[in-house]
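One structure is given here, and the rest of the page talks about it.
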Amino acid sequence: MIASVQEKTTSSSPSVISEEEALQILKGEVPLLPIVAKASEERFRHFGNRVRIHILDNIKNGYCPEDCGYCAQRKGGESGIQEYSLKSPEEIWEDAKKAKENGAYRFCMVTSGRGPTDKAVDKLAETISKINGELGMKVCLSAGILDAKKARALKDAGLDRYNHNLNTSEAKYNEICSTHTFQDRLTTLKAAKEAEIGLCSGIIVGMGEELKDIVQVAFELKRLGVISIPVNFFIPIKGHAIQKSSLTPEFCIRVLSVFRLVNPDSEIRVGAGREGHLGSLQSMALYVSNSLFAEGYLNVKGSEMEQTMNLIRDCNMVPEFTEGIPEGWEDYESKFLYDEKNFPELYKHKK
Ligand code: SF4
């Protein structure tokens, strides 16, 4: 087993493109492959040929008073999803064990709702410390709006990553949600950061936003020092208020490349909509992003673990487990690691 990379809690490498250049890339004013090559250099510089597989656990579904237009769990959504209250620590524990056995690098617990009550925070804290302590597994939590006290309680329980996506730009936010604001999202990220929890925050592309909205989110996440960025591609389903999404596989690759070039040392995750929107360009996505989900999304099916492992293998990359690289994958690791000895030009910036 080859040792896993020590994770940073905040990004530090400067963006390698400007807002203007990011816009040109999204407008298609520059050829695709040179952009992918440039983004790929940053990917290999910071993450080698490793891929982090995240598994989501939907630990509370529905019953939400919020009206996020892209969500099947929103109030009044009539999506027909099976609603359930917060799972018990025992149920979540079993899910985490299964995710670990399945090869997950990080276990991502997601709850519906505006934000957790104090009672829910206590329950989640108990679960986090058990999974961390006994499974040695990296845990992420996405539970809505947090204040400083709740963030600190989760940190003390061992939480090292909190997900709270910006989803779109400030200018566009009230078109996708009216029950909370973009500022509410920033306040939650600030509370998590002040509790020294690593930030996971991303975007949903394809909800009718303009190109400048996508660029603004990329640079806002850079400003916040977000270390993990899920880039989701919107697929409208029953119950969503937003019912349109027109994305091409090439445009999705351009978006992922922009997020890599603006946030070079952040974990860029090709998120929901990977299968539906990227199609046969999924492999190209792994040359600019270094992370993905397996075993599906909250209320939408996705690739099984085996399919995901085959995609990684086809790209001559290696899955990264919590403890490092699994047996039998060493060859893939050593053959393609863009290390300083073999690729000195990639490390000129270190001099
Ligand atoms: S995204 Fe979260 S807060 Fe918004 S409607 Fe869905 S479950 Fe509720």
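Each label point was placed 7 Å from the Cα along the Cα-to-Cβ direction; for T10 and K190 their separation is 1.4 nm.
Within the straight-line cut-off of under 12 Å between alpha carbons, the aspartates and glutamates reachable from K130 are E90, E94, sequence neighbours fewer than 8 places apart in one chain being disregarded. Taking amide H atoms as placed 1.01 Å from N in the peptide plane, the amide H of V139 lies under 5 Å from those of F107, D160, each 5 or more residues away in sequence or on another chain. Given a 1.4 Å probe and the protein chains as shown, L33 ends up with an accessible area of around 110 Å².
3J(HN,Hα) along region 134-150, derived from phi through the Karplus expression 6.51 cos²θ - 1.76 cosθ + 1.60 where θ = phi - 60°, amounts to 9, 9, x, 9, 6, 10, 10, 10, 10, 9, x, 5, 10, 9, 4, 5, 5 Hz, with x in place of Gly and Pro.
Taking the Cα centre of region 1-138 as origin and assigning +1 to Lys and Arg Cβ atoms and -1 to Asp and Glu Cβ atoms, the resulting dipole is close to 340 debye. Computed about the Cα centre, the dipole magnitude for region 132-285 is approximately 60 debye when only Lys and Arg (+1) and Asp and Glu (-1) carry charge, each at its Cβ. Close amide H pairs (under 5 Å, H built 1.01 Å from N) link I237 with no residue at least 5 positions away or on another chain. The three principal axes of the C-alpha atoms in region 206-322 carry coordinate ranges of 35, 35, 25 Å, sorted with the longest axis first. Karplus-based coupling profile of region 183-190, in residue order and whole Hz: 5, 4, 5, 4, 4, 5, 4, 5, with θ = phi - 60° in 6.51 cos²θ - 1.76 cosθ + 1.60 and x standing for Gly or Pro.
With a simple spin-label model that places each label point 7 Å from the Cα along the Cα-to-Cβ direction, the separation between S178 and K98 comes to 3.8 nm. Of the beta bridges in the chain, as assigned by DSSP with both residues counted there, near 10 percent are antiparallel.
Remark on D57: its backbone amide H falls under 5 Å from those of C108, M109, V110, a criterion applied only to residues 5 or more positions apart or on other chains, H modelled at 1.01 Å from N.
Of the accessible area of the chain, computed with a 1.4 Å probe over protein heavy atoms only, carbon and sulfur atoms account for 53 percent.
In this view, the solvent-accessible surface of E101, computed with a 1.4 Å probe and all protein chains in place, comes to about 140 Å². Computed with a 1.4 Å probe over protein heavy atoms only, the accessible surface of the chain comes to 42 Å² per residue.
3J(HN,Hα) along region 38-53, derived from phi through the Karplus expression 6.51 cos²θ - 1.76 cosθ + 1.60 where θ = phi - 60°, amounts to 5, 5, 5, 4, 5, 4, 6, 4, 9, 9, x, 9, 8, 10, 8, 9 Hz, with x in place of Gly and Pro. Each Lys and Arg Cβ is given +1 and each Asp and Glu Cβ -1; about its Cα centre, the chain then shows a dipole of about 480 debye. Cross-link check: pairs K8/K222; K150/K193; K149/K172 evaluated at a Cα-Cα cut-off of 24 Å; pairs beyond the cut-off: K149/K172. Here, the chain yields an orientationally averaged convex hull projection of 16.4 nm² when only Cα atoms define the hull.
Here is the tail figure for region 35-178: Cα pairs spaced more than 28 Å apart come to 29 percent of all pairs.
Full extension of the chain between E304 and E170 gives 44.8 nm of extra length, using 0.36 nm per residue less the Cα-Cα distance. Within region 121-218, list the GluC sites (Glu not before Pro) lying in a DSSP loop whose Cβ has at most 15 other Cβ atoms in a 10 Å radius. Taking region 121-218 and a limit of 15 other Cβ atoms within 10 Å, the loop GluC sites (Glu not before Pro) found are E196, E210.
The values are calculated or read from the model by the stated rules, or taken from the named source; none is laboratory data. A quick note: this is a predicted structure, and the numbers were derived from the prediction, not measured. Cβ coordinates were reconstructed from backbone atoms using ideal geometry, including for glycine residues, and neighbour counts include every protein chain displayed. Surface areas here come from the heavy atoms of the whole protein model, side chains and all, with no ligands, DNA or RNA. Shrake-Rupley method; radii C 1.70, N 1.55, O 1.52, S 1.80 Å.
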